[in-house]
Amino acid sequence: MTQGREKGKHPLYSYKAKAAYDGTAYKGWQLQKKGIPTVQGKIEEALSGIFDVERVKVQGASRTDSGVHALGQMIQFRTSKNIPLYNLLRGVNSALPADIRILDMEYADPSFHPIFSAFGKHYSYTFIYPDNPLKNRYAYTLDAPVDIIRMEKALSLFTGEKDFSAFRNMASRDPEKSPVCHIRSFFMEHTPGTYIFHIKGNRFLYNMIRIVMGTLLGLGQGKINEEEILKAFKTGDRKLIGKTLAPEGLVLEEVYYNDDY
């Protein structure tokens, strides 16, 4: 097991874990005011009860927004008490609501940080048509057919290292964050009635993926053309591209801690 020690204090045991959740009932990942349900808040509440302390502070790899889901959110926390991993995993899942689960857990090196140790992330965004009551919580429901082939062909416009200034909201939220992102791969998975777009990159800006998907949707609807997308990359003009789509279709699939993703 991995532990560190602060001067004059008990040793700290460092843990990392993979979390999955349905974000429908939560106001995003990040802890907010008391009484506002968040995923971080629920996990901290469960862990604090198990370790019998006022607060176990949990750090997540991604601050997913209200309504966004995850299959591979990576978390890290430290405590002064060691509980065997199997017992801890069973205990925290029994204390969590059914829409949040810890999938696996292990001891972590004290230098591990879920954000700063990451090399990249994988998100997916799902469209469905026609309406499907078994998928609506996890997809954007199209109200009419779109040119999905045109949308798929345009994915190459977003790959590589580019300035995504036009594809973010509230730049003031992270004023020092560079708008340059490297999208390593962007592809579509298609099954009857379902279109899942997978995007992998080294970093993402606030609302970036939902704006990219809104832009692709506008392209598929004939409201936007490829030239406007290229111009948006050159000028940073947010008005040239699509709207920010609803969060339901977005899933954090995986966080990568090596460079071979």
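Overview of values
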quantity: Subset of region 241-250 [within 28 Å of LYS231 (Cα to Cα) and of a type outside the set (Lys, Arg)]; calculated: ILE241, GLY242, THR244, LEU245, ALA246, PRO247, GLY249, LEU250
quantity: Matching residues in region 1-36 - criterion: being at pLDDT 95 or above, assigned to a loop (DSSP other than H, G, I, E, B) and small (Gly, Ala, Ser); calculated: GLY28
quantity: Residue within region 209-224 that is modelled with pLDDT of 95 or more and in contact with a His (Cβ under 7 Å, 6 or more places away or on another chain) present; calculated: no
quantity: Count of region 232-252 residues which are polar (S, T, N, Q) and surrounded by 16 or more Cβ atoms within 10 Å (Cβ to Cβ); calculated: 1
quantity: Single residue of ALA70, ALA139 found to be in the same structural domain as LEU217 (by TED's automatic domain parsing) and closer than 26 Å to ASN202 by Cα; calculated: ALA139
quantity: Total residues in region 30-64, condition more than 16 Å from ILE115 (Cα to Cα) and either not β-branched (Val, Ile, Thr) or not assigned by TED's automatic domain parsing to the domain that holds ILE83 (or both); calculated: 18
quantity: Scan of region 112-131 for residues that are touching a Gly at 6+ places or on another chain (Cβ under 9 Å) and either loosely packed, with under 13 Cβ neighbours inside 10 Å or of a type in the set (Lys, Arg) (or both), ordered by number; calculated: LYS121, PRO130
quantity: Neighbours by Cβ (under 6 Å, 6+ apart or cross-chain): first from region 233-261, assigned to a helix (DSSP H, G or I); second not small (Gly, Ala, Ser); calculated: PHE233/LYS162; LEU240/GLU228; LEU240/LYS231; PRO247/ASP65; PRO247/VAL68; GLY249/TYR125; GLY249/THR126; GLY249/TYR140
quantity: Yes/no for ILE229 being assigned to a helix (DSSP H, G or I), in contact with a Lys or Arg (Cβ under 8 Å, 6 or more places away or on another chain) and surrounded by 17 or more Cβ atoms within 10 Å (Cβ to Cβ); calculated: no
quantity: Matching residues in region 10-21 - criterion: being closer than 26 Å to ALA139 by Cβ and either surrounded by fewer than 18 Cβ atoms within 10 Å (Cβ to Cβ) or not charged (D, E, K, R) (or both); calculated: ALA19, ALA20, TYR21
quantity: Extreme residue, surrounded by the most Cβ atoms within 10 Å (Cβ to Cβ), among residues of region 67-111 that are among the β-branched types (Val, Ile, Thr) and farther than 30 Å from LEU245 by Cα; calculated: VAL92
quantity: All positions within region 15-36 that are without any contact (Cβ under 8 Å) to a residue 24 or more places away in the chain and not basic (Lys, Arg); calculated: LEU31, GLN32, GLY35, ILE36
quantity: Tabulated pairs, region 196-213, first in the same structural domain as ILE149 (by TED's automatic domain parsing) and without any contact (Cβ under 8 Å) to a residue 40 or more places away in the chain, second surrounded by fewer than 22 Cβ atoms within 10 Å (Cβ to Cβ) and among the hydrophobic types (A, V, I, L, M, F, W, C), C-beta under 6 angstrom, 6+ apart or interchain; calculated: TYR206/MET170
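The values are calculated or read from the model by the stated rules, or taken from the named source; none is laboratory data. Here the structure is a predicted model, which is why all the values come from computation and not from measurement. Virtual Cβ from ideal backbone geometry, glycine too; neighbours counted across all protein chains shown.
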